[in-house]
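Colleague: One structure coming up, written as structure tokens, with questions to follow.
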Amino acid sequence: MKDIAVCDTCALIQLRKGNILDCLSELFEEVYIPTAVAMECKDQKTVAEVNRLKFKVCAVNHVLPIGLGAGEREAISLVSELGGHAVLITDDEKALRKAKNLGLTVFETSYIIILAKYAGLVPCAKAILDRMREHGEGIQDQVYLKILQQTGETGN
């Protein structure tokens, strides 16, 4: 497991809507939020959770010249700066591709749900997914079913 997680805006909001943002503190030694992500995040509930959980908001030394939004660009740049101990958490398709092309480790929020379930941090992935959907996250049926399969919750 990687020691450090770096989240982009979308991942932060999705995990907060699933009520599992606090699981990041259990799964990783440190959680970093790039300055641009903190500034992009207009969801006040998520901002309050980031502050409560004492995630580290930090500046990036060198922002990579990649064609993405400011938050994704800084998140990828920060993971690159932190080296092999860091993982990017994002669901943005372009950010996923760019990060993987740079040789970075990337986890989608679905994988965080699976990790949290297997680590015993949450009793049920289905409840998390349902909460996310109730709060407007468009989780595709195939992703929903795949997570239930991988957590042994099919048929629930």
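Every read-out reported here was derived from the displayed coordinates using simple, explicitly stated rules and does not represent laboratory data. Values in this document were obtained by computation on a predicted structure and should not be read as measured data. Neighbour counts run over all protein chains shown; Cβ positions are idealised from the backbone, glycine included.
Colleague: In straight Cα distance, which lysines are under 23 Å from K94, not counting same-chain residues fewer than 8 positions off?
Modeller: Straight-line reach from K94, under 23 Å: K2, K17, K42, K146.
Colleague: I've got another one for you. From the backbone phi of the stretch 111-116, what are the Karplus-calculated ³J(HN,Hα) couplings (6.51 cos²θ - 1.76 cosθ + 1.60, θ = phi - 60°) in whole Hz, Gly and Pro given as x?
Modeller: In residue order, the calculated couplings are 5, 5, 4, 5, 4, 4 Hz.
Colleague: I'd like the distance separating the alpha-carbon centroids of the stretch 65-83 and the stretch 128-156, in whole Å.
Modeller: Taking the Cα centre of each part, the stretch 65-83 and the stretch 128-156 sit 28 Å apart.
Colleague: Here's something else I'd like to know. When the distances between all Cα atoms of the stretch 4-123 are binned every 10 Å from zero, what whole-number percent does each bin get?
Modeller: Percent of Cα pairs in each bin: 15, 51, 31, 3, 0.
Colleague: For the chain, which longest stretch is free of loop sites, where a loop site is one of the trypsin sites (Lys or Arg not before Pro) that DSSP puts outside H, G, I, E and B and that has at most 14 other Cβ atoms within 10 Å?
Modeller: Details: sites that count: K42, K54.
Between exposed loop sites, the widest span is 55-156.
Colleague: Can you tell me which of V50, V122, V143 moves the most in a GNM of the chain? Springs connect C-alpha atoms under 10 Å apart.
Modeller: Ranking V50, V122, V143 by mean-square fluctuation puts V143 first.
Colleague: Take the chain, connect every pair of alpha-carbon atoms lying under 10 Å apart with a spring to form a Gaussian network, then pick out the residue of P34, P123, P65 with the largest mean-square fluctuation.
Modeller: Residue with maximal mean-square fluctuation among P34, P123, P65: P65.
Colleague: Any idea how far the Cα center of the stretch 5-38 sits from the one of the stretch 96-126, in Å?
Modeller: Distance between centres, Cα-based: 11 Å.
Colleague: Now for a separate question. Ranking S25, S80 by Cβ neighbours within 10 Å, fewest first, what do you get? All intermediate terms of the calculation are to be shown ahead of the outcome.
Modeller: Numbers: S25 15, S80 19.
Taking fewest neighbouring Cβ atoms as first place, the list is S25, S80.
Colleague: Please order V60, V6, V87 by the number of other Cβ within 10 Å, starting at the fewest. Can you show the working numbers first?
Modeller: Details: V60 20, V6 33, V87 24.
So the residues, fewest neighbours to most, are V60, V87, V6.
Colleague: Along the Cα→Cβ direction, 7 angstrom out, place labels at N51 and R97. What is the inter-label distance in nm?
Modeller: Calculated label separation equals 3.8 nm.
Colleague: In whole Hz, what ³J(HN,Hα) sequence does the stretch 78-89 give by Karplus (6.51, -1.76, 1.60; θ = phi - 60°), x for Gly and Pro?
Modeller: Each residue of the stretch 78-89 in turn: 5, 4, 4, 5, 6, x, x, 8, 10, 10, 8, 10 Hz.
Colleague: Please give the calculated 222 nm ellipticity per residue for the chain, where each DSSP H segment of at least 4 residues contributes -39500 (n - 2.57) and the sum is spread over every residue; nearest 500 deg cm²/dmol?
Modeller: Working: 9 runs with 81 residues, N = 156.
Per the formula, -14500 deg cm²/dmol.
Colleague: Dipole of the stretch 4-123 (Lys/Arg Cβ +1, Asp/Glu Cβ -1, origin at the Cα centre): which of L27, C41, G71 lies farthest to the positive side?
Modeller: Farthest along the dipole direction, towards plus: C41.
Colleague: Which of L64, L78, L24 ends up with the largest GNM mean-square fluctuation for the chain, with Cα atoms connected below 10 Å?
Modeller: L64
Colleague: For T154, T90, which order do you get if you count the other beta carbons within 10 Å of each Cβ and list the fewest first? Each step should come with its number before you reach the end.
Modeller: Numbers: T154 10, T90 29.
With the sparsest Cβ surroundings first, the list reads T154, T90.
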